[in-house]
1. Using each residue's phi in region B:116-130, evaluate 6.51 cos²θ - 1.76 cosθ + 1.60 at θ = phi - 60° and report the 3J(HN,Hα) Karplus result to the nearest Hz, with x for Gly and Pro.
2. Per residue Cα convex hull volume for the protein assembly as shown, in cubic angstrom?
3. Starting at the first residue of region B:528-535, write each ³J(HN,Hα) from the Karplus equation 6.51 cos²θ - 1.76 cosθ + 1.60 with θ = phi - 60°, in whole Hz, x for Gly and Pro.
4. List the aspartates and glutamates whose Cα lies under 13 Å from the Cα of B:K186, skipping any in the same chain that are fewer than 8 positions away.
5. Take the solvent-accessible surface of the protein heavy atoms, probe 1.4 Å, and return the percent of it on chain B that carbon and sulfur atoms account for.
6. Could you give the dipole magnitude of region B:265-353 about its Cα centre, charging the beta-carbon of Lys and Arg +1 and that of Asp and Glu -1, in debye to the nearest 20?
7. Hey, can you list the residues from region A:115-130 whose accessible area shrinks by 50 Å² or more with all protein chains present, relative to the chain by itself (probe 1.4 Å, no ligands or nucleic acids)?
8. Just tell me which lysines come within less than 28 Å, Cα to Cα, of A:K155; anything on the same chain fewer than 8 places away is out.
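The values are calculated or read from the model by the stated rules, or taken from the named source; none is laboratory data. Given the structure is predicted, the values throughout are model-derived calculations rather than measurements. Reconstructed Cβ throughout: ideal geometry from the backbone, glycine too, with neighbour counts over all protein chains shown. For accessibility, only protein heavy atoms count, side chains too; no ligands or nucleic acids. Shrake-Rupley method; radii C 1.70, N 1.55, O 1.52, S 1.80 Å.
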Amino acid sequence: MPVSEQRLLDSREYQGIQQVLGPLIMVENIHNVGYNELVEIRCPDGSERLGMVIEANEGAAVVQVFEGTSGLSLPDTAVCFRGAPLRLSVSREMLGRVFDGLGRPIDGGPVPIAEDRWDVNGQPVNPTARQYPTRFIQTGISAIDGMNTLVRGQKLPVFSGSGLPHNKVTAQIVRQAKIVGEDVSFAIVFAAMGVKHDVARYFIRNFEETGVLENVVLFLSLADAPSVVRLITPRTALTMAEYLAFRENMHVLVILTDMTNYCEALREVSTVRGEIPSRKSYPGYLYSDLASLYERAGLVADSTGSITQVPILTMPNDDISHPVPDLTGYITEGQIVLERELFQRGIYPPIAGLPSLSRLMKDGIGPGMTRDDHAHIASQLFAAYARVKDVRALASVIGEEELTPLDHHYLKFGEAFERDFLSQRDDEDRSIEQTLDLGWKVVSILPREELHRVSEEEISKFYGK
Amino acid sequence: MYGVIGQVSRVLGPVVHARGVKNARMLELVEVGEHRLIGEIMRLSGDNIIIQVYEDTTGVAPGAPVYGSGMPLSVELGPGLIGSIYDGVQRPLEEIRKLTGQFIPRGVQAASLQRDVAWPFSPCVEAGERVSPGQVIGTVPETARILHRILVPPGVSGTVRSVVKEGTYPVESVVCVVRTPAGDEKLTLIQRWPVRRARPIASRMHSTIPLITGQRVIDTLFPIPKGGTVAVPGGFGTGKTMVEHQVAKWSDADVVVYIGCGERGNEMTDVLNDFPKLVDPRTNRPLMERTVLIANTSNMPVAAREASIYTGITIAEYYRDQGYHVAVMADSTSRWAEALRELSGRMEEMPAEEGFPAYLATRLAEFYERAGLVETLSGETGSVTIVGAVSPPGGDFSEPVTQHTKRFIRAFWALDRDLANARHYPAISWLDSYSEYTEDLSGWWKQNGDPEWGDLRNEILELLQREARLQQVVKLVGADVLPDSQRLILEVCTLFKNTFLQQSAFDRIDMYATVQKQVKMLRIIVTFYRLGMKAIQEGATLIKLRRLKVIPDIARMKFRISNDEIEKLDAIQERLEREMRRLGEIYASF
Ligand SMILES: Nc1ncnc2c1ncn2[C@@H]1O[C@H](COP(=O)(O)OP(=O)(O)O)[C@@H](O)[C@H]1O
Ligand SMILES: [Mg+2]
């Protein structure tokens, strides 16, 4: 349990700082300042900001100021080193409330009474204490349930592009997510980093309409807030989630949006510090840094709760090989990729058939969980849809008339797949049986000899039915 | 032993500077601050040192003491390694869990090998006998399948002065005293070895015996020997970890060291759940009884990640020295390289390509050099095989880690994004992968598989090459314009990909294929091509070939026919030949 660490050092106060550099300040003539220590900064106008020691030297420290450095002056700023890392006051009472990225209420309500104070950086879960996630979450969305199944405790991001309906898809997941045959609902922890007000409003309205708002904790650092606070926001949110999941034994769904904004803030600080850049000027430790967030998902022994993470990120230029989606995909347990081409053709949800993946699908589906034929029909849909892509490419070169009869079958299948299986209304909540039956309906357009990924028994049971 | 040797002067994440240091040695193990966080001296200059710390340095402040140990970072080697799970610096994660619960706090200490377990030891030397490094002084049945041989440590030779009787002993009790010119050496069941140094051997040997993995695309197309090195590069989600898991599960190694280096926690949990339940087809014992796990997941300290592959390979060498064939899975070497980059960056070293330090290539070479088939100091044969996953940014193989790795490995299993997208698993590309070992291993395959193995393999590889060229044509004009003889090639390759190359890791029958199953399946498909081509030349059409009654059985043989009923494959082979003959007779009569 990431219990509040005991105080490491005493708190010490100093008047005056020596340098301001972007979001960083340098403080000199100080003693005994520890790495990662929380810092309170008193501005010339009397207001207070928070920061963190990111480099500790003898007699000097570099402090990253979460709320930015505008308005600070060198002699009139006071700093107080608090002797411990930033800790979040946690309690069940925080459900239904709205906080800023540092965990301070911004909904006009009182400061909740803390049950405990937890270090926002968390601690690594001991791999021997993890429990492998296997419970199927039905989202009611065929492309997810049928082909990229989400399980409880998984970290499954949405890779999107600007203007694509990632918020709509995520909101639908949040509304419809359930464990079939279980009555517990999810508590939701929502963290917004650098997104616009209307995005936050969209989600809040959605939570309201579904009547789950009292089960949601929001941490907002929106586009107009200083960028550095985005670095701490997912950490406060995940600390909240860990408290609810592992102390209060709740099932928690965490939405983090937008991870690309988070990464940009990290790049900004790294550049100001003059660190050696890696790809696209992101720091070389971006992978480890992202892992320190994404790995805070899952199930642990001795707690009956869970953390399921759905981070959202926009791929700059729709480029999936950009460092943010790339490193995310290397850490998360799959990805739901939204595709502009489908979107432009009016298909909702525009979930890309091939690059989407759920790595934990195998243990959450099949006999006793979804249906016996699930793995095979899913694999068959992937294989057939991959062939559709090839046939379409060929048709665009030689013309449809020149295609073989078999290729024509594939074209027909492709259309039906996108129209009947992939597409659905945003209030359409399909059961897993409906999804799988639809899958069979569309593959039945293909001759049965083409179905290599399903068994003969399955063919005789489901093909053409 | 642990006296103060200096004071912290600067803290930059996992990199800590100290000054006023006396008597420090390069690569010495040190402890930092009140929490006594462990670290290693990476640079010495004057009385300043730079330390890489294996734990989170939150709260460490300038002025904090640094304690020396006089020793390099070492691992404990002895009974109890098998079945254990360690972090990157060999801290036992199960024990830590008993101490601190679900999370790993800082500064926890626990012995790598349990002190209170007593092991049955049978000596095999006698007082007065001369012993030298690597010699076996006795054995401990570590698991039902691993007889742990207690070795005279490197550097110790002399005459046995005393040795204990057969009995049970905890790891730290002295079981043998050796009189050496430098005085008496007390040998226990444990020895220590500095992780960054290769353990000594008598000589390297040329390997002609494959490491059988049960994965058809690997064993048949891109085989590796016991003692070989192979890289598995691929973008995210292309199947690196699954390949590592499959080889760890089904390969015919005696011991497997699985290093989860900077990857997911759940993947280690998966191994911890599966391996005790899965049974090794060769020994009928749970796989865990031959496996050592190193788990330094992506959210664990980055400096310990850098150390993890050395911890793993040292344990592997230790079992090799006992005469075992050991397979090391390193998932992922790119995360190790990134740890190196992060530490190097924080030490303010000059970067070379993409921020990696200039010594990246040297370090990679040193690591892969520790693989090999060897004659051990005691004259036994043992081997270390390395299967290293590589995670290139953006899936682009031209990046430094993939490129440098290619210089030091001799087999390359390239994972292909398009195959993975079409859920063709394992997504090992038959066009981009290679094994420079094939020649060395073909003798073994001819003897133990099929006398025609080399020809069958070459024939199918050539067909795959021709198919790739034909596909270029098809992309421009469609398949309809090709003559049946060429369309047969497309047909055979599709069949080969679907039935042979694709292999499901989740299907109970298909997940592992014996050598016999592999060669018989290969022969069936090549026969289909050979006889099919003959039939077409005699006037048969492709449609007729497709409609042979045996085809659906060929398509499903991998799922239908288990490893212990391969005579059914002979029946398929016979039916195929018979049906082809009949087809030939029809056309011959025209
Ligand atoms: N041999 C296989 N059989 C079945 N599924 C596989 C196989 N190899 C890979 N997969 C699928 O691909 C997913 C990603 O594989 P993984 O090894 O985790 O990729 P990587 O380590 O390259 O990111 C797995 O979760 C699994 O669903
Ligand atoms: Mg992997």
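1. So the J values, rounded to whole Hz, are 9, 8, 9, 10, x, 10, 10, x, 9, 10, 10, 4, x, 6, 7.
2. Numbers: hull volume 174.7 nm³, N = 1055.
Dividing the Cα hull volume of the protein assembly as shown by its residue count gives 166 Å³.
3. 4, 5, 4, 6, x, 5, 4, 4
4. List returned: B:E172.
5. Details: 10750 of 21240 Å².
Reported share for carbon and sulfur atoms: 51 percent.
6. On the way: 9 positive and 14 negative charges, 76 e Å.
Its charge dipole is roughly 360 debye.
7. Those residues are A:Q123, A:P124, A:N126, A:P127, A:T128, A:R130.
8. A:K168, A:K178, A:K196, A:K280, A:K362, B:K98, B:K240, B:K249, B:K277
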